[in-house]
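The values are calculated or read from the model by the stated rules, or taken from the named source; none is laboratory data. Keep in mind that this is a model prediction, so the values were computed, not measured. Note that we place each Cβ from the backbone using ideal geometry, even for glycine, and neighbour counts take in every protein chain shown.
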Amino acid sequence: MTTGSSDTRPFSKWFQIRWAEKLGDPKNPYLIRWTFILFGYSIRIHHWLRSDDRRYFHDHSADLLSIVLKGFYFNVVPIDPKHTPDYIFNNTPKESTKIFFKSSDGKYIGYKQYINQNIKPFYVEGMFNSWYNFIHCFKYSIWFSKATARHYLHIPACGAWTLLFEGKKYNKWGFYVPRKRDKTHEVRKMRPYKYFNTFGIIQNQKGYQ
């Protein structure tokens, strides 16, 4: 997953700097990140270019606090964590719809999904998008997540810059994929190495946003 012109400097086991790590295709990464690790805690700057893997939800290794600095994205969580994102409740026929969110400057931003789909998107925009956002950053730009919470980030074409504060690791993170031979879409956790070997890196596919 981590490729490209990254520069990792482990000054000690307590302090590390990871500079401009490129995730995905090194020639066309979906994320570039700068990481500072101190005594097991980390501060990260993320430049999001394309979305997380939207096929399945994932969790994290530690609790985190995210601040969107510039741009915007959708933080998408499951309605029912036992199911995959493409699960449709009540056997509803697949029919597209749009949910609209009002941005701080009064514009309406649409998010396309299926009716009764197992996703709930939250609109988050950068605190430096405007003075209004900066003053009201706790309303528009900052969110907290426990390590075990499941989600993915949907990134628009304009991308986003974020600042991330992460606590000490205590959870073995992974992706929540369907159980084998199970048509109910109920999920089990699959660790990252096995997941990417099984399903590949979808961000490397042409046209993925």
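Side notes on the structure shown:
- In the set (1) crowded, with 18+ Cβ neighbours inside 10 Å; (2) at negative phi; (3) in a strand (DSSP E or B), residue 53 fails one condition alone, (3).
- Residue in the stretch 81-109 that is farthest from the chain's Cα centre (by Cα), counting only those that are among the aromatic types (Phe, Trp, Tyr) and under 17 Å from residue 130 (Cβ atoms): 108
- Within the stretch 98-110, the set of residues being surrounded by 13 or more Cβ atoms within 10 Å (Cβ to Cβ) and part of a loop (DSSP other than H, G, I, E, B) comprises 103, 104.
- Checking 80, 105, 86 one by one, the residue that is acidic (Asp, Glu) and farther than 21 Å from residue 53 by Cβ is 105 and no other.
- Hits in the stretch 24-80 (condition: under 30 Å from residue 116 (Cβ atoms), over 16 Å from the mean Cα position of the chain (by Cα) and touching a residue at least 40 places away in the same chain (Cβ under 8 Å)): 79
- Selection count where residues are surrounded by 16 or more Cβ atoms within 10 Å (Cβ to Cβ) and either in a loop (DSSP other than H, G, I, E, B) or of a type in the set (Asp, Glu) (or both), scope the stretch 129-148: 3
- Just one of the listed residues (79, 67) is at pLDDT 95 or above, surrounded by 13 or more Cβ atoms within 10 Å (Cβ to Cβ) and in a loop (DSSP other than H, G, I, E, B), and it is 79.
- Selection from the stretch 138-155 of residues that are modelled with pLDDT under 95 and farther than 16 Å from residue 106 by Cα: 138
- Considered as a group, the residues in the stretch 18-34 that are surrounded by fewer than 19 Cβ atoms within 10 Å (Cβ to Cβ) and in contact with a Ser or Thr (Cβ under 8 Å, 6 or more places away or on another chain) include one that is nearest to residue 169 (Cα to Cα), and that residue is 18.
- Evaluation of residue 113 against (1) over 16 Å from residue 54 (Cβ atoms); (2) part of a strand (DSSP E or B); (3) modelled with pLDDT under 95 (one fails), failing number: (1)
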